[in-house]
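Just so you know, all these numbers are worked out from the coordinates, no wet-lab data involved. This one's a predicted model, so the numbers in the text were calculated from it and none came from an experiment. As a convention, Cβ positions derive from the backbone with ideal geometry for all residues, glycine included, and neighbour counts pool all protein chains shown.
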Amino acid sequence: MKTGLTILAMLLTTSAVAGELNLQRAQFNYQMSCQGCHAPDGSGANSVPRMLDHVGNFLVTQTGREYLVRVPGSAVSALDDAELAEVLNWIVVEFAGSSAKESFEPYSSQEVGRLRQQPLNEVVQYRAQLLADIASANMRE
Amino acid sequence: MKLLDGLFDKLFEQQTRQLAQRSSRRGILKGLGGLLVGAGAIPLLPVARAAAAEAPGQPVEEGDPASCDYWRYCAIDGFLCSCCGGSENTCPPGTEMSPVTWIGTCRNPADGRNYVISYNDCCGKSSCGACLCQRDEGDRPAYRPDKTNDINWCLGTSSATYHCSTAIVVGVAFEGK
């Protein structure tokens, strides 16, 4: 929670760079585009990946950071680039929990707009490999 | 002065004795207790109701949840759990609520605001068959899978057998820019 607040404070102070973080708008867009499968608290369900206390792990590597934008749920969502960036930043603040990292550079709409041009197809395999790579990156630290 | 004091004493004693003879101690406690509880409850009632109405996600409502024209059902396609032994918020006994759901917004006529509605299906028993309701506002074709109600949303439950649908208020729609 403390890390969440730190990230939130950081997001609010860097809002000029990363775009505005409007908590109500972000939560509404999460509800409309993500919550149906990922659940209100980001805990997921069966084959729907869990984000709660986990999503922060992807931010350890650049590939992992890009993955969060390239997954179909993000890349092909009906949200525009600014809305998607805002929802992703909100997800990290809200759900990273114990997986949160000290430094998180918020997604900008430009970054999201560029990355979502390459949506992933084989997500399950890609994700498994990515998590293995992240685990070994963590081991090296 | 002493005479007056004595008179007061006597009068007070007489009144007290008369009161003691007319009433029991339990009776007084009962009356006092009733007064305390009553005084507490009367002003609380309207205050508590007003507080509940202002809480987020708890809109003031009108209409019949067992009727298809109930405001929360604007995008529904299925049997109403309110007619199947459950309610607009809960599954009938013996069924399991799907954690995976489709979500839309409906306008509440009571306050004119749009609310986020989660159409969680109840699963694990064969189709309820009562109160079929198909309003489909905002329904999208299957190429927009998160916004279509034509697929079976009994996902993430132990059984994929569809029974009925709920319509739960999960938030207030954001209407700014």
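Can you give the net charge of the other residues whose Cβ lies under 11 Å from the Cβ of A:Tyr67, counting K and R as +1 and D and E as -1? With Lys, Arg at +1 and Asp, Glu at -1, the net is +1.
Distances between placed amide hydrogens fall under 5 Å for B:Thr148 paired with B:Arg140, all partners being 5 or more residues away or on another chain.
At a 10 Å Cβ-Cβ cut-off, how would you order B:Lys125, A:Lys101, B:Lys177, fewest neighbours first?
In increasing order of surrounding Cβ atoms, one gets B:Lys177, A:Lys101, B:Lys125.
Within chain A, the whole DSSP H helices whose Cα atoms reach 20 Å or more along their own axis and whose mean Kyte-Doolittle score is at least 0.5 are A:81-95.
Rounded to whole Å, give me the distance from the Cα center of the range A:21-60 to that of the range B:97-135. Spelled out, the Cα-based centre of one part sits 21 Å from the other. Between B:Asp150 and B:Arg107, the simple label model (points 7 Å from Cα in the Cβ direction) yields a spacing of 2.7 nm. Taking a ≥ b ≥ c as the square roots of the Cα gyration tensor eigenvalues, with a/c under 1.5 meaning rounded and otherwise prolate when a/b beats b/c, else oblate, which class fits the range A:56-141? Here the range A:56-141 falls in the oblate category. The simple Förster model, with R0 at 30 Å and r as the Cβ-Cβ distance, assigns A:Asp133 and A:Gln24 a FRET efficiency of 0.25. What the phi angles of the range B:124-129 give under the Karplus curve with 6.51, -1.76 and 1.60, with θ = phi - 60°, is a coupling list of x, 9, 5, 3, 5, x Hz, glycine and proline written as x. Please give the residues of the range A:121-141, grouped as numeric ranges, whose backbone N is less than 15 Å from a label point set 7 Å along the Cα-to-Cβ vector of A:Glu102. A:141, by backbone N distance to the label point.
Just the ratio, please: alpha-carbon radius of gyration of the range B:72-176 over 2.2 N^0.38 Å, N its number of residues.
Values: Rg = 13.2 Å, N = 105, 2.2 N^0.38 = 12.9 Å.
The range B:72-176 yields a ratio of 1.02.
Listed by chain and number, the aspartates and glutamates whose alpha-carbon sits under 12 Å from that of B:Lys177, ignoring those within fewer than 8 places in the same chain, are A:Glu20, A:Glu83. As a proxy for reagent exposure, ranking B:Ser82, B:Ser158, A:Ser33 by other Cβ atoms within 10 Å from fewest up yields B:Ser158, A:Ser33, B:Ser82.
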